[in-house]
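**Q** This is the structure I want to talk about, given as structure tokens.
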Amino acid sequence: MTGVQPTADCYSGGERRAMEATQRWRAAALAPLLPRLTAWRVGPDGVTVASLAAGLSFAALWPDRPWLAVLMLLAHAVLDGIDGPLARHQRRAGAAGSLTDTLSDQCVLAGVVAALMASGWLGAWNGGLFLFIYTVVVAFAMVRNALSIPYSWLIRPRFVLYAALPLQLTWGVSVVPWLTGALSLVLGAKLLSGYAALRTRLRRAAE
């Protein structure tokens, strides 16, 4: 056991400890906003839906209005950081909200990758493989957490990918394809280790 309580979200043990360490300052930073949102009857699920809408609008704006598309991704990221603190403020934090948040993040990532492939910024094989591996790793992370064998660490490559977009727009250097390929290699290693851990646990459970 790692000391992490069983839960079916997609965070690694290291991420969970970091989140617990930063919850206080996040709550302090958002302290003026959270009571107002509560007074306006805005719930964490509503913030998640707004975050999802902002993220998915990227696909509609890209590549005709690239900078506006990037700004909508930024709005998605900001809103994605509010729903958790709001849920804790309203004492509504739980597995259901975490599942909704994870699904929202995956939908936005799928929309972004699809838009990049459609516009030629990302090859079909490169983008498809990245999206597939990322999704499987997230699924493995959730199952491993439910079995109390969380990953020791995970990277969050969706934000790395999102941050690379304005860099490529500014410099004109083809960063995204190379970055996506490198991230697929790292995630592929986590996929294999996740599969091995799950297989070992299931084999022992059957003995």
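The values are calculated or read from the model by the stated rules, or taken from the named source; none is laboratory data. Just so it is clear, the model here is predicted, and its values are computed rather than measured. Cβ placement follows ideal geometry from the backbone for every residue including glycine, while neighbour counts extend to all protein chains displayed.
**Q** Quick one: is ARG26 at pLDDT below 95, charged (D, E, K, R) and in contact with a helix residue (DSSP H, G or I) (Cβ under 6 Å, 6 or more places away or on another chain)?
**A** Values: at pLDDT below 95: yes; charged (D, E, K, R): yes; in contact with a helix residue (DSSP H, G or I) (Cβ under 6 Å, 6 or more places away or on another chain): yes.
Yes.
**Q** Counting only residues that are surrounded by fewer than 17 Cβ atoms within 10 Å (Cβ to Cβ) and under 21 Å from the mean Cα position of the chain (by Cα), how many does region 44-67 have? Give the derivation first.
**A** Applying the first criterion (surrounded by fewer than 17 Cβ atoms within 10 Å (Cβ to Cβ)) to region 44-67 yields 46, 49, 53, 60, 63-65, 67.
Then keep just the ones that are under 21 Å from the mean Cα position of the chain (by Cα); that gives 46, 49, 53, 60.
Of the residues in that region, 4 qualify.
**Q** Could you grab me the full set of residues in region 137-190 that are crowded, with 16+ Cβ neighbours inside 10 Å, farther than 19 Å from ALA77 by Cα and without any contact (Cβ under 8 Å) to a residue 40 or more places away in the chain?
**A** VAL175, LEU179
**Q** Among the candidates VAL78, VAL42, VAL70, which residue alone is among the hydrophobic types (A, V, I, L, M, F, W, C) and part of a loop (DSSP other than H, G, I, E, B)?
**A** One residue alone meets the criteria, VAL42.
**Q** Something else: Restricting the search to region 81-95, which residues are touching an Asp or Glu at 6+ places or on another chain (Cβ under 9 Å) and part of a helix (DSSP H, G or I)? Working first, answer last.
**A** Initial filter on region 81-95 (touching an Asp or Glu at 6+ places or on another chain (Cβ under 9 Å)): 83-84, 87, 92, 95.
Listed by number, the residues that qualify are ASP83, GLY84, ALA87, ALA95.
**Q** Something else about it: Residue check, THR102 against (1) at pLDDT below 95; (2) of a type in the set (S, T, N, Q); (3) farther than 21 Å from PHE130 by Cα, all met but one. Which one?
**A** So the condition that THR102 fails would be (3).
**Q** So, one more: Looking only at region 156-190, filter to residues that are among the polar types (S, T, N, Q) and within 17 Å of LEU122 (Cβ to Cβ); which one of those is modelled with the lowest pLDDT? Full working, then the answer.
**A** Of the residues in region 156-190, the ones among the polar types (S, T, N, Q) are 168, 170, 174, 180, 184.
Narrowing further to those that are within 17 Å of LEU122 (Cβ to Cβ): 168, 174, 180, 184.
Details: GLN168: 97, SER174: 94, THR180: 97, SER184: 97.
So, considering only residues that are among the polar types (S, T, N, Q) and within 17 Å of LEU122 (Cβ to Cβ), the one modelled with the lowest pLDDT is SER174.
Here's the yes/no breakdown for (1) at pLDDT below 95; (2) part of a helix (DSSP H, G or I):
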| site | (1), (2) |
| --- | --- |
| VAL112 | no, yes |
| GLY120 | no, no |
| LEU131 | no, yes |
| LEU154 | yes, no |
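**Q** Oh, and also: Residue under question is ALA189, and the condition is that it be closer than 21 Å to SER51 by Cα, assigned to a helix (DSSP H, G or I) and of a type in the set (Gly, Ala, Ser); does it hold? Step through it out loud before you land on a result.
**A** On the way: closer than 21 Å to SER51 by Cα: no; assigned to a helix (DSSP H, G or I): yes; of a type in the set (Gly, Ala, Ser): yes.
So ALA189 fails the test.
**Q** Report every pair of residues separated by at least 6 positions or lying on different chains whose Cβ atoms are under 6 Å apart, first residue within region 30-47 and under 15 Å from LEU79 (Cα atoms), second small (Gly, Ala, Ser).
**A** Short answer, once both residue conditions are applied: PRO44/ALA87; PRO44/GLY97.
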